[in-house]
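Nothing in this text is a laboratory measurement; each read-out follows from the coordinates by a stated rule. Bear in mind that the values here come from a model prediction, so they are computed numbers and not experimental data. Backbone-built Cβ (ideal geometry, glycine too); neighbour counts: all protein chains shown.
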Amino acid sequence: MPDLLWNVRLVDGTGARPRDGCLVRVEDGRIAEVAAATGPAPPGALDVQGRTVLPGLIDAHCHLSSDTSRSPGFGPPAELHGEEPRARALGHYVLANAARVMLAAGITAVRDVGSYDDEAIVLRQAVELGLADGPRITSCGRIISATAPGGAIFGTMYREADGPWEMRKAVREQLRRGAGFVKVMATGARSVALEDPEPAQLTREELEAVVDEAHRLGVRVAAHAEGLEGARLAVEAGVDTVEHGLSLHRKPALLGRMAEQGIVLVPTLTTFHDLAERFADHFPVALVEQAKRQREEAYATLVAARSAGVVLAMGHDSGPPGDNLVELVRMVDGGLSSLEGIAAATSGAARALGREDLGRIAPGALGDLLVVDGDPAADARLLADPRRIDMVMLGGRVVDRDLRSLTGFDDGGPSPCATGLAARAVSAR
Ligand SMILES: [Zn+2]
């Protein structure tokens, strides 16, 4: 196991310019030293010959799920009528595979923002216990929502609650389940026909109760907010991250306040492309049309948030697992520089998770890093092709990666969506 990387081009994740000729030393799973590498590589060092080293990538908005219906190319073949019925427990193998594939793609930490039947918490346990290879996982448990039409669709992904004391109880329940933070629906969801995502879904009193209870107990709050009023209430209540937040470009002062308070924005551009384009035939026409408008707003907010100085975090909110970097491609296409995009996928996403020890290459940070072939500082979009990632290190250990299996159960190589976007990016240079 190499513990000294030599002749490194360092992209530290903070957005700082790359530094050539560095060494990175890892000790006991943490980064112990970052310095200039002078002279020949000492014995035992891994000479990466000027390749780029950057922090492991972090997806700050994912839904870990054994349901692969919107993860084309990933998971078992569709079940046919008359076939042997499939055991429910097979889902855990799907989840383990998802975790392995994400890690192989360079994702070393994920924040699960809602899963069915506590699947994300089970997967977190499996990874922590060494039963499955995967990124570091934190999950919100169930999403706290007002009694709402979405509750009838999302079932066990939701915990419906009304009134401040029920909100507090719902927060406590998630901690009992093993949640690492709390997620709350400040507005309705774009994917639910009976919900209007524009008005706030919770009252100020309810949102303040969620935030107060979570913070009092030492966990952070992520707020799903599409319309402006819900986003405003969430920011005023002091949530830690705003998910989607597409309407924020309409109110620059609110973005200024987020920047001041260190509230992170997770724009999730991909989810709007999914609903407006990729999976348009899975949704009612009215929702598809709404998503097209929202897609434009989400890009406007990305640019406005960047100029307001809001910390941005990459969150894919889509599938298949391993394609997470498609979101980074979109953030760069949408106007971020490559270094800003990398910061969103590393230190910015780590801020969303509330983890100072992730997302940067600096002494004391955990030894989660990538060695990359090519120049991601010049074009971060190449990171969406896992074949450009030469090495993944998690907690100081080199990850054993099988790139042939990056589409999960299918042996067709990395996903066509991710590699197509990465190839387009590289040929556009
Ligand atoms: Zn989501």
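Per-structure values
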| item | result |
| --- | --- |
| Value at 222 nm in deg cm²/dmol, rounded to 500, when DSSP H runs of n ≥ 4 in the chain each add -39,500 (n - 2.57) | -10000 deg cm²/dmol |
| Kirkwood Rh and Cα Rg combined as Rg over Rh, evaluated for region 1-150 | 1.11 |
| Compactness relative to 2.2 N^0.38 Å, alpha carbon Rg of the chain | 0.94 |
| Label-to-label distance, nm, for residues given as residue 70 and residue 88 (7 Å Cα→Cβ offset) | 2.3 |
| Ranking of 279, 272, 74 by count of other Cβ atoms within 10 Å, fewest first | 279, 74, 272 |
| Dipole of the chain, positive end: most advanced residue of 6, 202, 267 [Cβ charges, Cα centre] | 6 |
| Fewest-first ranking of 198, 160, 84, using other Cβ atoms within 10 Å as the exposure measure | 84, 198, 160 |
| Restricting region 1-70 to trypsin sites (Lys or Arg not before Pro) in coil, as DSSP defines it, with at most 16 other Cβ within 10 Å | 70 |
